[in-house]
Structures are given as structure tokens and as C-alpha cells.
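The values are calculated or read from the model by the stated rules, or taken from the named source; none is laboratory data. These figures come from a predicted structure and were not determined experimentally. Cβ sites come from the backbone with ideal geometry, for glycine too, and all protein chains shown count toward neighbours.
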Amino acid sequence: MISTGSAPTIRLGISTCPNDTFAFHALIEKEVDWRGLNFEIELLDIQQLNDRLFAGDFDVAKASFHAALLLADACVVLPSGSALGFGVGPLLLAARSGQQPQDPNQVTLCPGRHTTAMLLFQIF
């Protein structure tokens, strides 16, 4: 966690995704003027961020689309930073190309209960 002084504090949660760490690098490293604000910045995986958002632990944070839908009445989605589209994931991977699950007891791993990957897996 990064924080300084007694200025107003913004609790910010971002993911460890390279896109996020790149986008927030200057803020994290204080290479930009914080303009009198104080930031408490936490880097977490997406499910941890979702869980912490459900708990109300952040003022601003990244959320998966699934969590954002579930939190729609409690949170505002900003008009920037979204990354969902064809060819950019999430991806469903198999050991061999074209392989379909044959056994209804086969397990599919997802990065978390309220992640976009889980939502898309449930829909499709």
C-alpha cells in the first residue's frame, strides 16, 4: 500500500494485469502530481478485486464485467478502461485443438466466481 500525509485518501484497487500496471505506473511511482490527494493503492488479482469491491473496500477499482453487473446498483462504471472484445480473451483452452468435453464430470477452471470468464462460460 502506498500512502502519504493527511490529504484526502482515495482507496484504489487495480489488477496485476500488465495493461493496468502500465496505465497506472506513473500514479503508483508518484511520477505525476497527486494534486493534494492521497492514494492507497493495492494490486490484486481480479477475483480479489471483485471480492473487495463487494465488501466496499475501495473508492475506485477495476472490476470484471460480471462483478460490475452485480454491483450496478451500488457502483458507477466509468466510461473508460474497458477491455472486452473478440480475440482478446477470456479464452477457453483445451489440450488438443478442437477437443470438446466428453465427460459431464470434466472440470473447467475459471479465474474466479465473479469474473468475466466465468460469466461467459456460463452463458456459452
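Some points to look at:
- Complete set of residues in segment 90-107 that are surrounded by 10 or more Cβ atoms within 10 Å (Cβ to Cβ) and modelled with pLDDT under 75: Pro101
- Restricting Leu27, Leu53 to those that are of a type outside the set (Ser, Thr, Tyr), over 22 Å from Met118 (Cβ atoms) and part of a helix (DSSP H, G or I) reduces the list to Leu27.
- Which numbered condition Asp51 fails, given (1) of a type outside the set (Phe, Trp, Tyr); (2) within 11 Å of the chain's Cα centre (by Cα); (3) surrounded by 15 or more Cβ atoms within 10 Å (Cβ to Cβ); (4) at pLDDT below 95: (4)
- Each residue in segment 11-34 was checked for being at negative phi and touching a Ser or Thr at 6+ places or on another chain (Cβ under 9 Å), and 5 of them qualify.
- For segment 71-89, the candidate set comprises residues that are among the small types (Gly, Ala, Ser) and surrounded by 10 or more Cβ atoms within 10 Å (Cβ to Cβ); within that set, the residue that is farthest from the chain's Cα centre (by Cα) is Ala72.
- The one condition in (1) over 30 Å from Thr9 (Cβ atoms); (2) at pLDDT 80 or above; (3) of a type in the set (Gly, Ala, Ser) that Gly85 fails to fulfil: (2)
- Selection of segment 53-62 for residues being among the charged types (D, E, K, R) and more than 21 Å from Pro79 (Cα to Cα) yields only Asp57.
- Residue within segment 108-123 that is touching a residue at least 12 places away in the same chain (Cβ under 8 Å), assigned to a loop (DSSP other than H, G, I, E, B) and of a type in the set (Lys, Arg) present: yes
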